Amino acid sequence: MEIEKTIEENVHHFLFDLKKEGEGEKEAALIIQKYIKEGSISEDEENILKIQLSDSLKIIGIGIPFLLLPGASILLPILIKVADKYHIELMPSAFDKTDGQT
C-alpha cells in the first residue's frame with residue numbers, strides 16, 4: 001500500500017506541475033498577442049517569454065529522446081538526478097521545487 005500512495009502522490013504533483021506549465025504557455029500566448037497588436041511589451045513580459053521559451057525547449061529536449069530511444073523511460077530519471085547534482089536545470093520551471101511550493 002505504501003508504494004501505491006507514493007505513486008499517487010507523485011502523479012498528483014506531476015499533473016499539478018503540468019497544469020502550471022500549461023498556464024505559463026497560455027500567458028506567453030497572450031503576451032505574444034499583445035506584442036502583435038501593440039508592437040511592444042514590458043520588460044517583465046519579455047522576461048516571462050524568455051522563461052517560457054526556455055521551458056518549452058527543455059520539454060522538447062527531454063521529450064524527443066523519451067519517444068525515440070528505447071529504455072529512455074529508465075534513463076531520464078537518472079539523467080535528471082545527475083543533472084541536479086551538477087546544478088544543471090533540465091526540468092521546466094513549473095517543475096522546480098526550490099520555490100517552496102509542492
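The values are calculated or read from the model by the stated rules, or taken from the named source; none is laboratory data. As the structure is a prediction and not an experimental result, all values here were calculated from the model. Every residue, glycine as well, gets a Cβ built from its backbone with ideal geometry; the counts of neighbours run over all protein chains shown. Protein only, heavy atoms only, side chains kept; ligands, DNA and RNA dropped before computing areas. Shrake-Rupley method; radii C 1.70, N 1.55, O 1.52, S 1.80 Å.
A quick yes/no check of all residues on (1) in contact with a strand residue (DSSP E or B) (Cβ under 8 Å, 6 or more places away or on another chain); (2) more than 18 Å from N10 (Cβ to Cβ); (3) open to solvent by 50 Å² or more (accessible area, probe 1.4 Å); (4) among the basic types (K, R):
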residue	(1), (2), (3), (4)
A29	no, yes, no, no
Q33	no, yes, yes, no
E38	no, yes, yes, no
L67	no, yes, yes, no
P70	no, yes, yes, no
D84	no, no, yes, no
E89	no, yes, yes, no
P92	no, no, no, no
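For L90, only one of the following conditions fails: (1) in a helix (DSSP H, G or I); (2) in contact with a helix residue (DSSP H, G or I) (Cβ under 9 Å, 6 or more places away or on another chain). What is its number? Answer for L90: the failing condition is (1). Of the residues making up segment 40-64, those that are over 21 Å from D96 (Cα atoms) and open to solvent by less than 100 Å² (accessible area, probe 1.4 Å) are S40, I41, S42. Number of residues in segment 8-27 that are open to solvent by less than 100 Å² (accessible area, probe 1.4 Å) and basic (K, R): the value is 1. The residue pairs whose first member lies in segment 25-52 and is within 18 Å of F95 (Cα to Cα) and assigned to a helix (DSSP H, G or I), whose second member is among the β-branched types (V, I, T) and open to solvent by less than 70 Å² (accessible area, probe 1.4 Å), and whose beta carbons are closer than 6 Å, counting only pairs six or more residues apart or on different chains, are L49/I31.
Only residues that are at pLDDT 80 or above, surrounded by fewer than 13 Cβ atoms within 10 Å (Cβ to Cβ) and under 18 Å from the mean Cα position of the chain (by Cα) were counted across segment 72-82, and they come to 4.
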